[in-house]
Amino acid sequence: RTIRTRMLGRLSRARVSALRSAPRRGLASETYTEQQDKTGRPLSPHLTIYRLPMIAYSSITVRITGGIAYAYIVGVTALALFGGAGALEQAVQSLPEGGVTLPAAKFAVSWPFVYHWLGCVRHTWCGTSLMSRQRASQTR
C-alpha cells in the first residue's frame, strides 16, 4: 500500500481512482469566480428571485440611520473639540431662519435618531415573547 491510500483510509478503490484522476488546481487555473460564472447559476442568496419582507427593509433602514446618527455624533464632537469655543453654536446660528432651510436641517438631524431609536424599540419588542417571529414577518 502506498502512503496516499493509507491516508485515505476506508475510501473505496473507485473513490481513490476518482481522486487520482481529478484535475489539480495550479497557478494557471481559473479563479473560483470564473468557474462559477461558467455554471450560469446565480449567487446565493439571489435578491432578484426572493421578495424581501417589509421587516427586512425596516432593518436595513435602521442600520443606515444608525450609521448616519454615528456620523452626526462624530461630526458634532469634532466641531466642539477642534472648532474652538462657540463653534457649534455659531454653526447653528448661521442657518437662515426663513424658508425651508431650518426645518429641513432639523428634520435631517432628528429623523435618523428617531427612526433608529424606534427601530431599536421594535427590535426589542419582536425579540421578546411579546410578538412572535411569524406575526412580525406578516406585517407589511
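Read-outs throughout are calculated quantities, based only on the coordinates presented, and are distinct from any laboratory measurement. Only a predicted model underlies this, so the values are computations on that prediction, with no experimental measurement involved. Don't worry about glycine lacking a Cβ; one is built from the backbone with ideal geometry, like all the others, and counts go over all protein chains shown.
The Val76 and Gln36 beta-carbon pair, evaluated with R₀ = 41 Å, returns a calculated FRET efficiency of approximately 0.35.
Between Ala87 and Ile64, the distance separating the two model label sites (each 7 Å from Cα on the Cα→Cβ line) works out to 3.0 nm. Sorted on the mean count of surrounding Cβ atoms within 10 Å across their residues, most packed first, peptides 92-104, 70-82, 53-65 read 53-65, 70-82, 92-104. Along the range 90-102 the Karplus relation, 6.51 cos²θ - 1.76 cosθ + 1.60 evaluated at θ = phi - 60°, assigns HN-Hα couplings of 5, 5, 6, 6, 6, 6, x, 7, x, x, 9, 5, 5 Hz to successive residues, with x for each Gly and Pro.
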